[in-house]
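Here is the structure we will look at.
The values are calculated or read from the model by the stated rules, or taken from the named source; none is laboratory data. Just so you know, these numbers come straight off a predicted model, no measurement behind them. Reconstructed Cβ throughout: ideal geometry from the backbone, glycine too, with neighbour counts over all protein chains shown. Only protein heavy atoms, including side chains, enter the accessible area calculation; ligands, DNA and RNA are left aside. Shrake-Rupley method; radii C 1.70, N 1.55, O 1.52, S 1.80 Å.
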Amino acid sequence: MNVFLRLSFLVVTFILLSACAAYYPPPSSKLEIVSTVALPKTLSETSGLFCEANQLYSLNDSGNAPAVFKLSPDGAVINESKLSLTNVDWEAISADGTYFYIADVGNNKGSREVVSIYKVKRDNLNDIQTLRLKYSGNTPSSNRAYAHDFDAEAMVKTDDALLLFSKSWRSGITRVYKVNAEENEQTLNAFAQIKNLPGVVTGADFDKTRNLFVLTGYKSDPFGNFSTFIAQASSNFDVVNVWPLKSFKQVEGICVDEVGDYWFSEEATEGREATLSKAVLQ
């Protein structure tokens, strides 16, 4: 795609998102960012985040090695595990006690008919099951790059479900899909929607301490300007709180630790390093 066409698509997307998703409900509590550290250059394209105990896991998106990084809270890489997979466009990571779930679901241009979630055994990283997913209603030949709703960058494994959240460029309405973690081939139909978010969703987790989903994402324009946010949604997917992240740009992942604090990762952009931040609710 030439630069002019891509710019046109981005301008249209920015206008649509500005019109459809500009409402910030007054937050019921204060979200304070208590730390921000630079991530190493090996994670400059961090695209997902998962919290567990006193450590975090992240990965990079398209064009990078198929690797999972274990991080300390200060952003240092403790371990890098390379998997026998291809990183087409990895965008999210979640886990339970037995498996990592790696979402190869990035589809900004709308050209992918089939995306994948990899179910990786945690005690044997060579034991991998591939969940091949199609979206009901998706016709790649009809999609316009950066102006369709069949993209995703956010996923969470809860106690009883594996959920995928759309990155809805066209409508600004996030679709929520339930993935069957035992079925290798499946077509997804959205079972819920999240409205009134101020941008596209790029990361998600479930906050067990408050029984809420926590989301992050942004609204952007073709000139590198970002309006980034963290939001909470109820278990029924109603928006509860939205907090602007005024000094951040391309935030890609979010997770909730065992005490209910929020961690989020930011991909490197022009003039800005990739970062890992911690936020607490007051």
Restricting the search to region 61-81, which residues are of a type in the set (S, T, N, Q) and under 16 Å from residue 120 (Cβ atoms)?
79, 81
If a residue has to be over 17 Å from the mean Cα position of the chain (by Cα) and either open to solvent by 60 Å² or more (accessible area, probe 1.4 Å) or without any contact (Cβ under 8 Å) to a residue 40 or more places away in the chain (or both) to count, how many in region 68-88 make the cut?
11
Grab the strands (runs of 3 or more DSSP E) fully contained in region 176-234, keeping just those with 1 or more residues being without any contact (Cβ under 8 Å) to a residue 60 or more places away in the chain and touching an Asp or Glu at 6+ places or on another chain (Cβ under 9 Å).
190-194, 200-207, 212-220, 226-234
Can you go through 132, 144, 122 and tell me which one is under 22 Å from residue 46 (Cα atoms) and among the basic types (Lys, Arg)?
122
Using the structure shown, decide if residue 15 is surrounded by fewer than 18 Cβ atoms within 10 Å (Cβ to Cβ) and either under 30 Å from residue 76 (Cβ atoms) or at pLDDT 50 or above (or both).
no
Go through region 240-278 and report how many residues are aliphatic (A, V, I, L, M), surrounded by fewer than 20 Cβ atoms within 10 Å (Cβ to Cβ) and assigned to a strand (DSSP E or B).
1
How many residues, within region 134-166, are in contact (Cβ under 8 Å) with a residue 40 or more places away in the chain, in a loop (DSSP other than H, G, I, E, B) and either open to solvent by less than 30 Å² (accessible area, probe 1.4 Å) or in contact with a Ser or Thr (Cβ under 6 Å, 6 or more places away or on another chain) (or both)?
7
Please state which one of 263, 243 is among the aromatic types (Phe, Trp, Tyr), more than 23 Å from residue 96 (Cβ to Cβ) and in contact (Cβ under 8 Å) with a residue 60 or more places away in the chain.
243
Of the residues in region 169-221, those that are open to solvent by less than 50 Å² (accessible area, probe 1.4 Å), among the acidic types (Asp, Glu) and within 30 Å of residue 98 (Cα to Cα) come to 205, 207
Residue ID - surrounded by the most Cβ atoms within 10 Å (Cβ to Cβ), chosen from residues in region 100-133 that are among the charged types (D, E, K, R) and touching a strand residue (DSSP E or B) at 6+ places or on another chain (Cβ under 8 Å)
104
If I filter region 71-129 down to residues being basic (Lys, Arg) and assigned to a strand (DSSP E or B), which single residue comes out as nearest to residue 275 (Cα to Cα)?
82
Scan of region 89-120 for residues that are within 16 Å of the chain's Cα centre (by Cα) and of a type in the set (S, T, N, Q), ordered by number:
94, 107, 108, 116
All-but-one check, residue 97 against (1) among the small types (Gly, Ala, Ser); (2) touching a strand residue (DSSP E or B) at 6+ places or on another chain (Cβ under 7 Å); (3) loosely packed, with under 13 Cβ neighbours inside 10 Å, failing number (2)
